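FYI, it's all coordinate maths here, none of it is from the lab. As the structure is a prediction and not an experimental result, all values here were calculated from the model. Cβ placement follows ideal geometry from the backbone for every residue including glycine, while neighbour counts extend to all protein chains displayed.
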Amino acid sequence: MNQPLTPDQIQSYRDNGYLFPLNVFDATEMASIQKDLAQAKIDAEATGNAEQYSEFLRSRAHMTMPFVCQIASHPGLLDRVASILGPNLLLWGADFFIKFAHSDKIVSWHQDLTYWGLGETDEQVTAWIALSDVTPESGCMRFVPGSHKQQLLPHRDTFADNNLLSRGQEIAVEVNEAEAVNVILKPGQVSFHHGRIFHASGPNQSDHDRVGLAFRYITPEVKQQIASRDYGMMMRGVDRGRNWNHLARPSRNFDPGDLQLREAVMADMSAALEKS
Ligand SMILES: O=C(O)CCC(=O)C(=O)O
């Protein structure tokens, strides 16, 4: 490990349930990511997938676009994730959260692990990569410090049109918003958050798009408890258990075989989502 977190950073993550800002991607790497993202849009159009493109970005993006796996396996990122989860790392999900300039899209207060079927585990970390400036004006995330020490609480579905979450789910208890911290990030910076932290984000009132990419890392010890099977992409180390179907990395954007596999995985996962 060349770029681990310091003991103070690890302690801060454990105490607060989040850690930011982490300087991970430099300007050259960010330029290359922006180029790859623009190319993905061109490829989606060229392969007849223009309509589904935003959905391919929004969930399981690692299954259909090689550049997303490249970002997820950046050594500086994995070193820091490994400081919290240990040497064996699987990528469970990759989700772009895009709020266009002057968009009313929000994310309601929620705990991530509520609908994933992975239980109350501490062995899951989200690394959220800022691909644009992320400020209160552009709709940054907000975290309630220490809220990850609570269990998973009941959530209700709102299915609100302007909510970026699949069911518009929101936590069914009063959240003390005055305690929340703004997760302000510059392009290339990263925040980490725990799967039980209370978090939300507001609309984008700025003149630029707010773009984030959330990677859901787990250890191989995590078990899917609701769906009949689950899938992970090995990022580092080994998986000695038998809990996970291992996904291969895609070799090109929107390969029909990868799109079909993504559909199958999404169907399995919707079982966990519905029964949660
Ligand atoms: O990007 C956002 O505003 C919310 C992201 C989020 O809820 C998450 O990554 O868990």
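Data overview
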read-out	value
Rounded Å value of the spacing that divides the Cα centres of the stretch 26-45 and the stretch 224-276	24 Å
The stretch 166-267, relative contact order in percent, only Cα pairs under 8 angstrom and at least six apart counted	16 percent
Relative exposure of S191, S32, judged by other C-beta atoms within 10 Å (fewest first)	S32, S191
Selection of chymotrypsin sites (Phe, Trp or Tyr not before Pro), the stretch 100-163, meeting DSSP coil and at most 16 other Cβ within 10 Å	F100, F159
37 °C / 0.692 mPa s Stokes-Einstein diffusion coefficient of the stretch 156-276, Kirkwood radius on C-alpha pairs, µm²/s	183 µm²/s
Rounded to 5, the percent of DSSP beta bridges in the chain classed as antiparallel	95 percent
Values of log10 I(q)/I(0), in the order q = 0.07, 0.09, 0.11, 0.13 Å⁻¹, for the chain under a Debye, Cα-only, solvent-free model	-0.22, -0.38, -0.59, -0.86
Positive-end extreme of charge dipole, the chain - chosen from A38, P4, G241 (charges on Cβ)	G241
For the stretch 21-145: rounded, prolate or oblate by the Cα gyration tensor [a/c cutoff 1.5]	rounded
Relative contact order %, the stretch 130-205, counting alpha carbon pairs below 8 Å whose residues are six or more apart	54 percent
Over the stretch 31-96 - Rg/Rh using Cα atoms and the Kirkwood inverse-distance radius	1.05
For D230, residues with placed amide H under 5 Å, excluding near neighbours	N245
Lys/Arg +1, Asp/Glu -1 at C-beta; the chain dipole; positive extreme among I106, T126, F96	T126
Unit charges on C-beta of K, R, D, E only; dipole of the stretch 1-102, Debye	120 debye
Farthest positive-ward along the chain dipole, Cα basis, beta-carbon charges - from A82, P220, V175	P220
Check: the chain dipole with +1 on Lys, Arg Cβ and -1 on Asp, Glu Cβ, in debye	580 debye
The stretch 93-180: equivalent-ellipsoid semi-axes (sqrt of 5 x gyration tensor eigenvalues, Cα, Å)	21, 16, 15
Helix-only mean residue ellipticity at 222 nm for the chain, each DSSP H run of n ≥ 4 adding -39500 (n - 2.57), per residue, nearest 500	-8500 deg cm²/dmol
For the stretch 119-188, size of Cβ-based charge dipole, Lys and Arg +1, Asp and Glu -1, in debye	100 debye
